[in-house]
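S.K.: Could you have a look at this structure, given as structure tokens, before my questions?
The values are calculated or read from the model by the stated rules, or taken from the named source; none is laboratory data. These numbers come from a predicted model, not from an experiment. Here Cβ is always computed from backbone atoms with ideal geometry, including for glycine, and neighbour counts include all displayed protein chains. In case anyone asks, the SASA skips ligands and DNA or RNA and just uses the protein heavy atoms, side chains included. Shrake-Rupley method; radii C 1.70, N 1.55, O 1.52, S 1.80 Å.
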Amino acid sequence: MTIVTKIALSLLGAVGISFLSLTPARAVILVEPIVTTKNQNILDTKSPRILTDYEPGEVIEYGVPDVANNFLNNTGYDIESLVFDLKTLSYSNADSTPAYNNEPVEWGDVNGDGKIGYSNNPDLKDIFTDITISGSTITFSGGVIPNGSLFYNPFATLPNLAPGAGIIPPVPADKADKDGPIRVAAYYTAIPESTNVLGVVAFGALGVALKLKRSLHC
């Protein structure tokens, strides 16, 4: 092989590497929810969203990243776990900058603290101690959100896919839903109310007493 040929092959290799470097790598979109005590800074600017007429096990769907807000647990139940399921597992958007084409979506560490589902803000106290991931589902448990209490449950994505944040175009002002394009389904489980338990016990005791009374008069 001549020196000229070697130089030509080296140049071709360099050009090939340059073209490869211009090819966008397939990125993973990470989604991270946190569940903490109330965010006082947000509470000072707007009223919380109220969770009412929302039964244990009832599934609702919404988009993330969401517009951050506090929530008031007005369900009538003490919430003992929150379960979130990613409904968007791959994402495409030709109108975004950059464009996305079937990019995988999964739970991940967005805030960079080395953990998934925990706050890295010292002013926000995590409510749940156990966070487990199984496929597209993340479960928060090992804690309680009492009925009538406030909590904070924002979702963040990496990259930031909030409308108007630079990748996804802003949402028109007259549109009510300003949340992001990644879909999530959610439901909760509840601790049975003590009043209900006591009512069942009292009713059962009354039944036993009536049966005993009948047997004594037979």
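S.K.: Here is a list: ILE167, ILE131. Which entry is touching a residue at least 24 places away in the same chain (Cβ under 8 Å) and buried (at least 16 other Cβ atoms within 10 Å of the Cβ)? Before you say what the answer is, go through the steps one by one.
M.R.: On the way: ILE131 fails: touching a residue at least 24 places away in the same chain (Cβ under 8 Å).
The unique qualifying residue is ILE167.
S.K.: Further, regarding this structure: Based on this model, can you work out whether GLY148 counts as modelled with pLDDT of 95 or more, open to solvent by less than 40 Å² (accessible area, probe 1.4 Å), assigned to a loop (DSSP other than H, G, I, E, B) and under 21 Å from PRO56 (Cβ atoms)? Full working, then the answer.
M.R.: Values: modelled with pLDDT of 95 or more: yes; open to solvent by less than 40 Å² (accessible area, probe 1.4 Å): no; assigned to a loop (DSSP other than H, G, I, E, B): yes; under 21 Å from PRO56 (Cβ atoms): yes.
Here the answer is no, as GLY148 does not meet what is asked.
S.K.: Let me ask another. What residue, of SER96, SER90, is closer than 19 Å to GLY63 by Cα and without any contact (Cβ under 8 Å) to a residue 24 or more places away in the chain? Explain how you work it out, then say what you get.
M.R.: Working: SER96 fails: without any contact (Cβ under 8 Å) to a residue 24 or more places away in the chain.
Step by step, each of SER96, SER90 is checked, and only SER90 is closer than 19 Å to GLY63 by Cα and without any contact (Cβ under 8 Å) to a residue 24 or more places away in the chain.
S.K.: I'm checking my understanding of the structure. Among residues of region 101-128 that are part of a strand (DSSP E or B) and touching a residue at least 24 places away in the same chain (Cβ under 8 Å), which one is most open to solvent (accessible area, probe 1.4 Å)? Before you say what the answer is, go through the steps one by one.
M.R.: First, the residues of region 101-128 that are part of a strand (DSSP E or B): 101-107, 126.
Now restrict to residues that are touching a residue at least 24 places away in the same chain (Cβ under 8 Å): 103-107, 126.
Values: GLU103: 21, PRO104: 36, VAL105: 10, GLU106: 89, TRP107: 17, ASP126: 63 Å².
The residue in question is GLU106.
S.K.: Filter region 151-164 for residues that are touching a residue at least 60 places away in the same chain (Cβ under 8 Å) and either assigned to a loop (DSSP other than H, G, I, E, B) or of a type in the set (Lys, Arg) (or both) and give the result.
M.R.: Initially, region 151-164 is screened for residues touching a residue at least 60 places away in the same chain (Cβ under 8 Å), giving 151-162.
Of everything in region 151-164, those that are touching a residue at least 60 places away in the same chain (Cβ under 8 Å) and either assigned to a loop (DSSP other than H, G, I, E, B) or of a type in the set (Lys, Arg) (or both) turn out to be ASN153, PRO154, PRO159, ASN160, LEU161, ALA162.
S.K.: Separate question: Anything in region 78-98 that is open to solvent by 60 Å² or more (accessible area, probe 1.4 Å) and outside any strand (DSSP E or B)? List them, or say none.
M.R.: LYS87, LEU89, ALA94, ASP95, THR97, PRO98
S.K.: Another question about this same structure. Could you check region 27-68 and list, in sequence order, the residues that are in contact (Cβ under 8 Å) with a residue 40 or more places away in the chain, assigned to a loop (DSSP other than H, G, I, E, B) and open to solvent by 50 Å² or more (accessible area, probe 1.4 Å)?
M.R.: VAL28, LYS38, PRO56, GLU58, VAL59, VAL67
S.K.: Tell me yes or no: at least one residue of region 39-51 is under 27 Å from PRO122 (Cβ atoms) and within 12 Å of the chain's Cα centre (by Cα).
M.R.: The initial filter retains those residues of region 39-51 that are under 27 Å from PRO122 (Cβ atoms), namely 39-49, 51.
Right, trim to within 12 Å of the chain's Cα centre (by Cα) and you get none.
No, the conditions are met nowhere in region 39-51.
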